[in-house]
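Trainee: Sharing a structure here in structure tokens format.
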């Protein structure tokens, strides 16, 4: 009888081990967070007077024009907040990542939404291989047309009420311009990267999660191009990297 109990106990332990092992395999990989107090943060600013952003006439699409009747929409090539902070700047590691850090892909999908005949957000950042949902929240049809140079070009119609569709990007590309063939004022960008990245808020601020190491980080802005800095991150000690773009 005791021998039977030992066999049953051993079988239960084996089954438990197999379940735990299976869950470990199925758990998705995510970008590892840096040690407490680590990472890179900073502010990106514009030096000088921001160029005038032109108002957008949406009168040819009344449903979208109605959404903006209380707050006219302008172009978004240079969006500057209080104190000269530059929004929509993509920050990423261009050198210094190891193979696993560069290959890690977030399990959750990114998204770009057509709302009020705008692309929201104006700049979407995705990992190569990460899923991206394309959503139409408008009372009209759209025709989404990215124009990449390092990824296959596609051109898809999305009528009002159509479900979101899913796309992926195989290759790094900074950045892919996106337009709508129906509404010519609609413009946005998809930045396809590998590894940790961030995008600045309306104040020009960002936080980039990276483990300790020495990196080259790049800041990309659609009008002003790219700048780079070399940064060393020590364990438990945050690093700072600020950028300034000259107005033109």
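Trainee: Out of 210, 233, report the one residue that is surrounded by 18 or more Cβ atoms within 10 Å (Cβ to Cβ) and outside any loop (DSSP other than H, G, I, E, B).
Mentor: Answer to the selection: 233.
Trainee: Same structure, new question: Residue check: is residue 227 surrounded by 20 or more Cβ atoms within 10 Å (Cβ to Cβ) and assigned by TED's automatic domain parsing to the domain that holds residue 63?
Mentor: Judged against the criteria, residue 227 is not a match.
Trainee: Another question about this same structure. Answer with yes or no whether residue 85 is assigned by TED's automatic domain parsing to the domain that holds residue 225 and in contact with a strand residue (DSSP E or B) (Cβ under 8 Å, 6 or more places away or on another chain).
Mentor: It is true that residue 85 is assigned by TED's automatic domain parsing to the domain that holds residue 225 and in contact with a strand residue (DSSP E or B) (Cβ under 8 Å, 6 or more places away or on another chain).
Trainee: Determine whether residue 200 is in the same structural domain as residue 91 (by TED's automatic domain parsing), surrounded by fewer than 20 Cβ atoms within 10 Å (Cβ to Cβ) and either farther than 17 Å from residue 86 by Cα or out of contact with any helix residue (DSSP H, G or I) (no Cβ under 6 Å at 6 or more places or on another chain) (or both).
Mentor: no
Trainee: Failed condition for residue 161, given (1) surrounded by fewer than 12 Cβ atoms within 10 Å (Cβ to Cβ); (2) on the phi < 0 side of the Ramachandran plot, with all others met?
Mentor: (2)
Trainee: Look at region 99-138 and say how many of its residues are without any contact (Cβ under 8 Å) to a residue 40 or more places away in the chain and farther than 26 Å from residue 72 by Cα.
Mentor: Residues meeting the conditions: 7.
Trainee: Select from region 68-90 the residues that are on the phi < 0 side of the Ramachandran plot, outside any loop (DSSP other than H, G, I, E, B) and at pLDDT below 95 and list them in ascending order.
Mentor: Within region 68-90, just 82 meets the criteria.
The values are calculated or read from the model by the stated rules, or taken from the named source; none is laboratory data. As the structure is a prediction and not an experimental result, all values here were calculated from the model. As a convention, Cβ positions derive from the backbone with ideal geometry for all residues, glycine included, and neighbour counts pool all protein chains shown.
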